[in-house]
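**Q** Take a look at the following structure, please.
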Protein chains: 2
Amino acid sequence: MGTTGRVRIYEVAAHVGVSPTTVSAAITGKRPVAEATRQRIEQAIEELGYRANANARALAYGSSGTIALLIPSLEKSLSQIELEFVASVAEAARSREYDVLVSFSGDDELALSRLIDERRADGIVLLEVFLDDFRVERLRALGFPFVAIGRTARPSGIDWVDIDFERLQWSLVSGLVALGHRRIALISGPYDLLKRRYAPQHRTHRAFKSACTKLGVQGDILYCERNAEAGLRRTAELLANDKMLTGLVVVNELALPGVYRAVAEAGLRMPEDVSVIGQCDSKWSTFLVPRLTAAQFPSIEMGRAAVEILADRLADRALARRGRLILPTIVAGESTGPARVAGSPERRTRRAQGHSTAGHARQ
Amino acid sequence: MGTTGRVRIYEVAAHVGVSPTTVSAAITGKRPVAEATRQRIEQAIEELGYRANANARALAYGSSGTIALLIPSLEKSLSQIELEFVASVAEAARSREYDVLVSFSGDDELALSRLIDERRADGIVLLEVFLDDFRVERLRALGFPFVAIGRTARPSGIDWVDIDFERLQWSLVSGLVALGHRRIALISGPYDLLKRRYAPQHRTHRAFKSACTKLGVQGDILYCERNAEAGLRRTAELLANDKMLTGLVVVNELALPGVYRAVAEAGLRMPEDVSVIGQCDSKWSTFLVPRLTAAQFPSIEMGRAAVEILADRLADRALARRGRLILPTIVAGESTGPARVAGSPERRTRRAQGHSTAGHARQ
DNA sequence: CTGTTAGCGCCTTCAA
DNA sequence: TTGAAGGCGCTAACAG
């Protein structure tokens with residue numbers, strides 16, 4: 001089946017004794033075909049193993065049945081979160097009969113041009129959006145169908161899917177505060193990204209600060225490169241400089257392993273001495289729970305939603321622009337309050353006592 | 001630039017005052033064009049923002065400038081390793097001016113047909129190869145260009161890139177034995193995959209057994225589903241049933257977190273009581289070292305090699321078939337010999353003593 | 001209901 | 001060195 005060298009629609013037509021047009025009609029269903037002929041055509045297609053050439057069809061249709069996933073690499077390494085998007089978008093696209101072109105682009109200008117001007121994709125799913133994003137502006141100006149995962153400062157005119165940062169940070173911070181934590185820190189991405197107005201970071205910071213203010217606790221922000229080494233080094237500094245700190249909110253997935261180790265190497269226990277909440281992919285969280293409370297990044301849900309919106313738009317240009325906020329699921333680990341009442345310098349003294357953590361003994 | 005609605009080669013030709021043929025010639029360079037005209041053409045292309053329609057070009061050329069990455073999902077979840085392939089293949093392909101179509105296929109028959117019969121891709125990179133693989137057979141029968149990441153039982157007639165399992169297992173097992181371990185286990189994937197003749201698993205088992213035999217140590221094999229929960233449960237059973245076990249070789253990346261936790265929850269220390277060597281992605285290994293010795297899975301190197309071979313073949317059909325073995329880099333953690341001389345039942349007694357692991361105290 | 005004609009946008013003969 | 005004509009394989013518009 002389909003193992004044949006080169007079967008065109010002409011071969012099928014000749015085999016049945018009709019014109020190529022009729023075969024085309026039978027396949028696309030865009031015009032009526034007599035039941036008898038349609039059956040003979042279908043049989044011939046089966047026998048000859050015919051499949052329409054996608055390029056010829058794309059040329060005739062003016063569209064390629066392909067959506068592109070544009071992933072600018074912020075730095076060299078990809079987080080698990082970003083990679084999960086690929087899988088979820090690919091799967092969602094497949095169920096709607098779209099192919100997926102991935103573009104890990106360093107040069108967005110060129111990549112966009114390939115996709116749009118060369119007509120390689122009918123629509124685009126955009127990752128890693130900035131508050132001011134030239135890609136978004138350009139796509140909107142062109143009227144090219146796209147969905148942003150993340151959103152610009154004023155996203156009213158576009159389709160997007162994003163995390164509900166406000167509710168997420170409120171939920172995380174208020175959770176720590178309810179447990180008795182009074183001094184917490186946000187371990188974020190590098191300052192450079194913030195300066196470039198990387199949207200998730202901006203919204204996270206604003207939401208974190210806002211939550212801390214409303215709840216009356218001190219919340220500092222630590223900038224940290226997106227890798228484990230930086231996480232280790234920066235967190236070690238943080239813990240050494242601020243002995244009153246008892247709660248960490250980590251939104252830098254790639255740094256998380258380092259944070260984890262820094263806490264351990266400082267002789268502190270999780271969660272008794274320091275409670276850590278991490279926003280990360282579900283695989284990491286599986287690993288880190290029960291010591292960690294994890295906000296599981298909803299890559300799969302977001303990827304699916306993006307493709308759904310994009311496919312709808314490709315099918316019908318008349319839709320209103322859509323935005324969708326998604327709240328990550330929070331998997332509660334063994335978070336507890338600080339071992340001593342926060343405010344006393346007791347936290348670090350436990351270190352000298354050399355207590356055991358074997359077996360993750362609870363209480 | 002390139003922001004224009006629809007610029008065809010005709011527009012460029014008209015703008016310059018030559019025929020489309022000449023413009024085409026200037027672009028492809030497949031026939032001489034006067035220097036003066038070529039310059040005017042290039043300027044017009046720049047001004048008008050012209051880019052050749054990829055579908056039309058593909059139709060005329062008979063090839064699409066696209067390679068496909070075919071990723072059968074063995075189970076639901078993708079390991080970090082598999083996902084790294086996507087990134088490395090995409091990057092390598094980009095530098096050779098190929099687009100990458102990803103296909104996370106459940107139904108390979110259909111996916112292959114889309115790619116080959118519908119001419120969506122010029123070549124294929126195949127992941128997750130089995131010893132007998134119908135995809136390989138079919139692609140070979142068709143003479144369709146492809147590179148397998150992994151290899152069939154007798155891969156002489158195909159292009160492939162694979163791990164050097166023999167040398168890897170020898171190196172891992174002999175390393176443990178040199179440290180004094182006499183009883184070790186391989187934590188592998190599920191039995192189902194082995195039965196289906198999943199190639200990496202077969203080769204790993206054979207190499208592991210062979211190394212154990214040559215070195216005169218007992219090496220058992222534990223089958224384990226590819227997720228953290230199974231890793232935890234199965235490893236806990238293993239440790240409980242075999243108190244003499246002191247060394248683990250884990251080739252199941254998705255189970256590794258569970259293995260790690262099982263060791264901790266059994267009250268055993270790594271590496272003093274149990275030495276663990278894991279074959280996993282570099283991000284995991286960053287997290288796990290220093291307690292773990294890691295064989296870093298060379299996804300990036302393999303992805304690059306695959307694209308390189310494939311691109312060469314697409315450029316020139318006359319090449320001899322190529323195979324390439326790659327040996328993972330081994331990052332040595334704190335592996336040590338067993339705490340007591342192997343052979344005595346001492347390993348487990350340490351548990352009752354309730355010693356501390358705080359700060360990963362060395363010695 | 002079906003066939004003929006024309007065109008999607010590019011490339012490649014073949015003449016000039 | 002250049003242009004005109006024809007084709008890649010399919011679909012859309014128009015007759016019949």
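The values are calculated or read from the model by the stated rules, or taken from the named source; none is laboratory data. Keep in mind the model is a prediction, meaning the values are calculated, not measured. Virtual Cβ from ideal backbone geometry, glycine too; neighbours counted across all protein chains shown. Quick note on the areas: whole protein, heavy atoms, side chains included, nothing else; ligands and nucleic acids left out. Shrake-Rupley method; radii C 1.70, N 1.55, O 1.52, S 1.80 Å.
**Q** Give the number of residues within the stretch A:62-120 that are more than 16 Å from A:Leu310 (Cβ to Cβ), in a loop (DSSP other than H, G, I, E, B), more than 8 Å from chain B (Cβ to nearest Cβ) and open to solvent by 20 Å² or more (accessible area, probe 1.4 Å).
**A** Going through the stretch A:62-120 one residue at a time, the tally reaches 7.
**Q** While we're looking at this one, here's another question. Name every residue in the stretch A:18-37 that is open to solvent by 60 Å² or more (accessible area, probe 1.4 Å) and either near DNA strand C (Cβ under 9 Å from one of its atoms) or closer than 24 Å to B:Gly143 by Cα (or both), in order of residue number.
**A** Listed by number, the residues that qualify are A:Thr21, A:Arg31, A:Pro32, A:Ala34, A:Glu35, A:Ala36.
**Q** May I pose another question? Can you list the helices (runs of 4 or more DSSP H) found entirely within the stretch A:6-61 that contain at least 2 residues being more than 11 Å from DNA strand D (Cβ to nearest atom)?
**A** A:9-16, A:35-48
**Q** Output the residue which, of all residues in the stretch B:208-230 that are out of contact with any strand residue (DSSP E or B) (no Cβ under 9 Å at 6 or more places or on another chain) and under 21 Å from B:Leu254 (Cα atoms), is most open to solvent (accessible area, probe 1.4 Å).
**A** B:Glu229
**Q** Before we move on, is A:Arg40 surrounded by fewer than 18 Cβ atoms within 10 Å (Cβ to Cβ), within 16 Å of DNA strand C (Cβ to nearest atom) and basic (Lys, Arg)?
**A** yes
**Q** Only residues that are among the small types (Gly, Ala, Ser) and more than 26 Å from B:Ile116 (Cβ to Cβ): list them for the stretch A:89-126, please.
**A** Result: A:Ser105, A:Gly106, A:Ala111, A:Ser113.
**Q** Here is a list: B:Val161, B:Val136, B:Val173. Which entry is within 26 Å of B:Arg304 (Cβ to Cβ) and either in contact with a Gly (Cβ under 8 Å, 6 or more places away or on another chain) or buried (at least 23 other Cβ atoms within 10 Å of the Cβ) (or both)?
**A** Going through B:Val161, B:Val136, B:Val173 in turn, just one is within 26 Å of B:Arg304 (Cβ to Cβ) and either in contact with a Gly (Cβ under 8 Å, 6 or more places away or on another chain) or buried (at least 23 other Cβ atoms within 10 Å of the Cβ) (or both): B:Val161.
**Q** Just the residues that are free of Cβ contacts under 8 Å to residues at least 40 places away in the same chain and within 13 Å of chain B (Cβ to nearest Cβ), please, taken from the stretch A:237-265.
**A** The answer is A:Leu256, A:Pro257, A:Gly258, A:Tyr260, A:Arg261, A:Ala262, A:Val263, A:Ala264, A:Glu265.
**Q** How many residues are hydrophobic (A, V, I, L, M, F, W, C) and either under 17 Å from B:Ala14 (Cα atoms) or more than 14 Å from chain A (Cβ to nearest Cβ) (or both) if we restrict to the stretch B:32-60?
**A** 8
Okay, residues lined up against (1) out of contact with any Leu (no Cβ under 8 Å at 6 or more places or on another chain); (2) touching a residue at least 24 places away in the same chain (Cβ under 8 Å); (3) under 30 Å from B:Arg226 (Cα atoms):
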site	(1), (2), (3)
B:Glu42	yes, no, no
B:Glu47	yes, yes, no
B:Thr66	no, yes, no
B:Arg94	yes, no, no
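**Q** Of all residues in the stretch B:124-135, count the ones that are modelled with pLDDT of 95 or more and among the β-branched types (Val, Ile, Thr).
**A** Total satisfying the criteria: 2.
**Q** Can you tell me which of A:Tyr98, A:Tyr61 is within 16 Å of DNA strand C (Cβ to nearest atom), among the aromatic types (Phe, Trp, Tyr) and under 38 Å from the mean Cα position of the chain (by Cα)?
**A** A:Tyr61
**Q** Test A:Ile81 against the stated conditions and say whether it is touching a Phe, Trp or Tyr at 6+ places or on another chain (Cβ under 7 Å) and closer than 21 Å to B:Gly49 by Cα.
**A** It is false that A:Ile81 is touching a Phe, Trp or Tyr at 6+ places or on another chain (Cβ under 7 Å) and closer than 21 Å to B:Gly49 by Cα.
**Q** Quick check on the stretch A:250-289: of everything there that is closer than 16 Å to A:Pro200 by Cβ and assigned to a strand (DSSP E or B), which residue is modelled with the lowest pLDDT?
**A** If we take residues in the stretch A:250-289 being closer than 16 Å to A:Pro200 by Cβ and assigned to a strand (DSSP E or B), then A:Cys280 is modelled with the lowest pLDDT.
**Q** Of the residues B:Ile9, B:Ile67, which is modelled with pLDDT of 90 or more and within 40 Å of the chain's Cα centre (by Cα)?
**A** Only one candidate passes the filter, namely B:Ile67.
**Q** I'm told A:Arg57 meets every condition in (1) over 23 Å from B:Ser63 (Cβ atoms); (2) out of contact with any helix residue (DSSP H, G or I) (no Cβ under 7 Å at 6 or more places or on another chain) except one. Can you identify the failing condition by its number?
**A** Tallying (1) over 23 Å from B:Ser63 (Cβ atoms); (2) out of contact with any helix residue (DSSP H, G or I) (no Cβ under 7 Å at 6 or more places or on another chain), A:Arg57 fails exactly one: (1).
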